[in-house]
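Have a look at the structure below, then the notes.
The values are calculated or read from the model by the stated rules, or taken from the named source; none is laboratory data. All figures in this text were calculated on a predicted structure; none of them were measured in a lab. Reconstructed Cβ throughout: ideal geometry from the backbone, glycine too, with neighbour counts over all protein chains shown.
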Amino acid sequence: MPKLIKNVSNFSGGLNNNTNRRDILDVESQVLLNVSNEIPGKLVMEGRSIASSISSNDVTAIDALNYGNGLLHTNLDRNFGAAGINETEYLFINDKTDSIVRIYDVTNSAAEATTIDYGNTASLVEMYSVDGQIRVIPHYGNAGNTPQVLGYYNFDRNFGYTTSTSPINNSLSNVYVSSNLHIAPIKGGSSSNVAYETDKLYNKMTHFHPDNDSEIFMLDVQSSGTYAMGDGTGSTEVNKVEVTAVEMHDLLDGYLDNASGYTSDGKGSMAVIAYFRNDVNADADTSIKPKSGKRYGLWASKVYSNYDSDTNKSESVAVYLGSVYQHTSVGTSSTDVAQKLYFGLTGRMGDKDPRYSGFKIYYALMDGFQEGGTIDNSTNIGVKYLLAEVDFAKGLRYAGSQTYQFLFPYTLNSDKQWTWPIQGWMSTDRFIADGITDLSIAEPYIVEGPSVIGEANTGFKTSTILNRRVYAGNVQYYDSERKLVTKSDRVLKSLPNQFDNFPENTFIDVEVEDGDTIIKLESLGNKLLQFKRNKLFIINVSRDIEFLEAEYEHKGCEKDYHVVKGEGFVAWFNTYGAYIYNGQQVIDINLAQNGQPKLTNWSTSHYHDNNVIGYLPKSKELIIVNKNQNILFYDLKSESWRQSNVFGNRDITNLVNFNNGDLYWWQSVAGLNSNPDTIDLVKWSKTPSTKSGSQVLYQTKEFDMGSAATNKNYNTLYINYKEGNNVKVQAFGTKIDASEISLTDVGTLSSGGYKTTKMAFPDTFKNCVGVGIALTTTGTTNANFEVNDIQIVYREKMTR
């Protein structure tokens, strides 16, 4: 029989150590350890993790980390320490011990002084970046921790008054500031126990008050008493309230600010003054007609903004401030009485949260109320409509108007405050309100309920951003009755473009009370992927109403760091295998063409809770690292697996990609966390590296040359390689009687550039059915070791 040649030069099939060694594909390998088949037609040494230029000392000596958690990479338009547009690459790193997220400027290789302080208890954190703001959500369960948002702000809070005068307070110029994430309503209740009561109507004029540190309150204007209005007789005009500037100054001072007084730093509240005239006479130039048995009530909401006062506004729930005074005899006759609604503001902006950018005043008709009666939950409340909006940077606008009018600053005893209308304290020492003549412009109040995420001990454990909403899973929050609710199987979604506003009724419950916790949320296209421990739910969110598109048993995950999002796919693993979702279907990437797993004993040999998955975008590979030194690679191009054991015993954070595609993580040597010098930022390098020790790097299938029942004489082997010092070639095979030949030395490779070496098979490999080749190290393997192809020369024997 003539000589025949088997050429082994295609290694693209990767590792398959589960199927019979004869039955795997020719391009597959039984062993692929510490060598990479990522380059077509070539085996090269595997890369390794290498130290970066960033250490723990660069970010204030972080000395402890949470496994698989606590690292965020993002880009911002601005640098923390420079003015103007200055695009910068950043790392946000959770300092577990100090409960602070520290910031490192990757672009300029410098630590930032700015930090995000989320509380007083070490915690896992959920971190994400959207529209240039960083959200840090400590995992709930610790009352001392509060979700935070770090954002850039640059605007003057001068109520639109641009005449030469300095703003009273709170101008934010080119600064990053961290604040509570909560879209909180107006503060109310006692000064020692601030509450957010929004559902009860009575006693609001005492509930919201400067003594309770309320940002906004309604002055209790009456026909008589401390703040009585004019009655139209003599000099007491009906559009003036008998409160002096000094009295208002003392009232606005407020309990919580009293220690330092009403000083120029801007403490104090904003008073809303609203009433109808104190008689039954009609005004000729108004279409507003108060009626007997009905009252106008006022509600107020706080407005939060990103960056400046116009960007991504969020509105808090509107709380009831009080009722507008009207004379007891108005509307008792058959003829309606047309009267102006007198309205004014005086005071300051209150809350110093940098995101607090203004407030809105709404009105609604309340039926079944008589002057002097009680307003309670039985009162029938009509639709709420906007009366006025106050923007701290622009001033005031009435409903239906696009024009803002500035508030007027005035000084009393060296203390500055604001007033609307401009003539508020002119002419007399009493306040002069603005007469509103039309309420026909309908800008309705549309916020459905308070945001329930953001207070201390509220939050969520996983999130994703989809369709300009944040979807938050595994949540804890205060419900409408102020009860703390924990829902590990619930998803809350934010309002569109309001990334911190989570109403209680905007939730998704796919399957509840099933003993299965939401571990991870991820998104792809218009699909929301909800990973529980046991199941994967794919939810279609392309429309306003979400619907369950698919449910997969045994496709959940145990840890959030078992999931990674890549370019057009989501990949993850669990105890049953590894998977990719491409937007259309879930693919089990551990299954070979014959439907059997490629990797043997996945659940015991390859799956670990401390596996952390990442993505290498340059080479289009998944990487699964493990503190027990094992690494798995999956090449998306060739759909092949390989292994490495060069990782080392390390505790690590989650894995993140820098702008250049490199994969980084924070790591510490296990057991040495008390020493900050042991914690460093490292990256995965694709550059081939040396490997010490003796082990099999590569082992082919057993080739029977297409004839499993025919003996062959295996004579010669040719191998094309370079830098092969400390590498020997071995062979294995099977006799016709099914007895196996174990690894047997064939020859030794040498150092130097590319060469082709000829080797002779031992006589053991005459009269064999099949043969395979292995490359085994005997010492330190050169980083530049490469194999291009292997040729096996043989003769078939006659079948008798």
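Could you tell me whether Asn626 is out of contact with any Gly (no Cβ under 8 Å at 6 or more places or on another chain), among the polar types (S, T, N, Q) and without any contact (Cβ under 8 Å) to a residue 24 or more places away in the chain?
yes
Please find, among Gly254, Gly266, Gly261, the residue that is surrounded by fewer than 18 Cβ atoms within 10 Å (Cβ to Cβ) and at pLDDT below 85. Steps first, please.
Numbers: Gly254 fails: surrounded by fewer than 18 Cβ atoms within 10 Å (Cβ to Cβ); Gly266 fails: surrounded by fewer than 18 Cβ atoms within 10 Å (Cβ to Cβ).
It is Gly261.
I need a count of the residues in the range 752-777 that are of a type in the set (S, T, N, Q), within 16 Å of Ile719 (Cβ to Cβ) and either surrounded by fewer than 14 Cβ atoms within 10 Å (Cβ to Cβ) or touching a residue at least 40 places away in the same chain (Cβ under 8 Å) (or both). So that I can check it myself, show each step before the final result.
Step one: filter the range 752-777 for residues of a type in the set (S, T, N, Q), giving 756-757, 764, 767, 776-777.
Filter again for within 16 Å of Ile719 (Cβ to Cβ), leaving 756-757, 776-777.
When the remaining residues are screened for being either surrounded by fewer than 14 Cβ atoms within 10 Å (Cβ to Cβ) or touching a residue at least 40 places away in the same chain (Cβ under 8 Å) (or both), the result is 756, 776-777.
Counting residues in the range 752-777 that are of a type in the set (S, T, N, Q), within 16 Å of Ile719 (Cβ to Cβ) and either surrounded by fewer than 14 Cβ atoms within 10 Å (Cβ to Cβ) or touching a residue at least 40 places away in the same chain (Cβ under 8 Å) (or both) gives 3.
Among the residues of the range 521-531, is there at least one that is assigned by TED's automatic domain parsing to the domain that holds Glu621, within 27 Å of Ser129 (Cα to Cα) and not in a loop (DSSP other than H, G, I, E, B)?
No, the range 521-531 contains no residue that is assigned by TED's automatic domain parsing to the domain that holds Glu621, within 27 Å of Ser129 (Cα to Cα) and not in a loop (DSSP other than H, G, I, E, B).
Name the one entry in Val541, Val570, Val564, Val510 that is within 30 Å of Lys302 (Cα to Cα), hydrophobic (A, V, I, L, M, F, W, C) and touching a residue at least 24 places away in the same chain (Cβ under 8 Å).
Matching residue, one of Val541, Val570, Val564, Val510: Val541.
Select from the range 629-656 the residues that are closer than 16 Å to Ser605 by Cβ and either in contact (Cβ under 8 Å) with a residue 24 or more places away in the chain or assigned to a strand (DSSP E or B) (or both) and list them in ascending order.
Asn630, Ile631, Leu632, Phe633, Tyr634, Trp641, Arg642, Gln643, Ser644, Asn645, Phe647
Would you mind stating whether Leu32 is at pLDDT 95 or above and in a strand (DSSP E or B)?
In short, yes.
If the Cβ limit is 6 Å and pairs must be 6+ apart or interchain, which residue in the range 69-91 that is among the charged types (D, E, K, R) pairs with which residue that is surrounded by fewer than 18 Cβ atoms within 10 Å (Cβ to Cβ) and in a strand (DSSP E or B)?
From the range 69-91, the pairs are Glu89/Asn75.
Spot the failing condition for Ile116; the list is (1) on the phi > 0 side of the Ramachandran plot; (2) assigned by TED's automatic domain parsing to the domain that holds Gly141; (3) of a type outside the set (D, E, K, R), and only one is missed.
Ile116 satisfies all of (1) on the phi > 0 side of the Ramachandran plot; (2) assigned by TED's automatic domain parsing to the domain that holds Gly141; (3) of a type outside the set (D, E, K, R) except (1).
Please identify the pairs in which a residue from the range 13-34 that is more than 13 Å from Ser638 (Cβ to Cβ) has its Cβ atom under 8 Å from the Cβ atom of a residue that is among the acidic types (Asp, Glu) and in a loop (DSSP other than H, G, I, E, B), counting only partners at least 6 apart or on another chain.
Hits for this filter: Arg21/Glu702; Arg22/Glu702; Arg22/Asp704; Asn34/Glu46.
Return a yes/no flag: does the range 740-759 have any residue that is under 21 Å from Thr19 (Cα atoms) and of a type in the set (A, V, I, L, M).
yes
If I go through the range 324-355 residue by residue, how many of them are touching a Lys or Arg at 6+ places or on another chain (Cβ under 6 Å) and surrounded by fewer than 23 Cβ atoms within 10 Å (Cβ to Cβ)? So that I can check it myself, show each step before the final result.
We begin by selecting, within the range 324-355, every residue touching a Lys or Arg at 6+ places or on another chain (Cβ under 6 Å); these are 331, 336, 338-339.
From the residues that got through so far, the ones that are surrounded by fewer than 23 Cβ atoms within 10 Å (Cβ to Cβ) too are 331, 336, 338.
The qualifying residues number 3.
Determine whether the range 722-737 contains at least one residue that is in a strand (DSSP E or B), touching a residue at least 60 places away in the same chain (Cβ under 8 Å), under 21 Å from Ile623 (Cβ atoms) and assigned by TED's automatic domain parsing to the domain that holds Lys758.
No, every residue in the range 722-737 fails to be in a strand (DSSP E or B), touching a residue at least 60 places away in the same chain (Cβ under 8 Å), under 21 Å from Ile623 (Cβ atoms) and assigned by TED's automatic domain parsing to the domain that holds Lys758.
Do the conditions hold for Ile103, that is, is it buried (at least 18 other Cβ atoms within 10 Å of the Cβ), over 20 Å from Tyr615 (Cβ atoms) and not assigned by TED's automatic domain parsing to the domain that holds Ala738?
So Ile103 fits the description; yes.
How many residues are on the phi > 0 side of the Ramachandran plot and without any contact (Cβ under 8 Å) to a residue 40 or more places away in the chain if we restrict to the range 461-496?
1
Could you list, in sequence order, the residues of the range 392-427 that are at positive phi, part of a loop (DSSP other than H, G, I, E, B) and modelled with pLDDT of 90 or more?
Scanning the range 392-427 gives a single hit, Gly400.
Tell me yes or no: at least one residue of the range 43-66 is charged (D, E, K, R), closer than 30 Å to Leu599 by Cβ and part of a loop (DSSP other than H, G, I, E, B).
The answer is yes; a qualifying residue exists.
Which residues, counting only those in the range 99-109, are out of contact with any His (no Cβ under 9 Å at 6 or more places or on another chain) and either touching a residue at least 24 places away in the same chain (Cβ under 8 Å) or aromatic (Phe, Trp, Tyr) (or both)?
Ser99, Val101, Arg102, Ile103, Tyr104, Asp105, Thr107, Asn108, Ser109
If Met705 satisfies all but one of (1) part of a loop (DSSP other than H, G, I, E, B); (2) modelled with pLDDT of 95 or more; (3) not charged (D, E, K, R), what's the number of the condition it fails?
That leaves (2) as the condition not met.
Mind counting the residues in the range 612-624 that are touching a helix residue (DSSP H, G or I) at 6+ places or on another chain (Cβ under 7 Å) and surrounded by fewer than 22 Cβ atoms within 10 Å (Cβ to Cβ)?
Of the residues in the range 612-624, 0 are touching a helix residue (DSSP H, G or I) at 6+ places or on another chain (Cβ under 7 Å) and surrounded by fewer than 22 Cβ atoms within 10 Å (Cβ to Cβ).
Is it the case that some residue within the range 447-469 is of a type in the set (Phe, Trp, Tyr), under 42 Å from the mean Cα position of the chain (by Cα) and surrounded by 24 or more Cβ atoms within 10 Å (Cβ to Cβ)?
Within the range 447-469 (the criterion being of a type in the set (Phe, Trp, Tyr), under 42 Å from the mean Cα position of the chain (by Cα) and surrounded by 24 or more Cβ atoms within 10 Å (Cβ to Cβ)), the answer is yes, since at least one residue qualifies.
Could you tell me which residue of the range 58-73 is farthest from Val177 (Cα to Cα), considering only residues that are buried (at least 19 other Cβ atoms within 10 Å of the Cβ) and among the β-branched types (Val, Ile, Thr)?
Ile62
Which strands (runs of 3 or more DSSP E) does the range 534-616 wholly contain that include 2 or more residues that are touching a Leu at 6+ places or on another chain (Cβ under 8 Å)?
535-540, 547-553, 563-565, 570-574, 577-581, 612-616
Kindly indicate whether any position in the range 275-292 is crowded, with 23+ Cβ neighbours inside 10 Å and assigned to a strand (DSSP E or B).
Yes, the range 275-292 has at least one match.
Would you kindly identify the strands (runs of 3 or more DSSP E) lying entirely within the range 156-211 that contain at least 1 residues that are at pLDDT below 80 and more than 24 Å from Val136 (Cα to Cα)?
Ranges flagged: 188-190, 193-195.
Look through Val44, Val136 and report the one residue that is out of contact with any Ser or Thr (no Cβ under 8 Å at 6 or more places or on another chain) and of a type in the set (Val, Ile, Thr).
Every option except Val136 fails the conditions.
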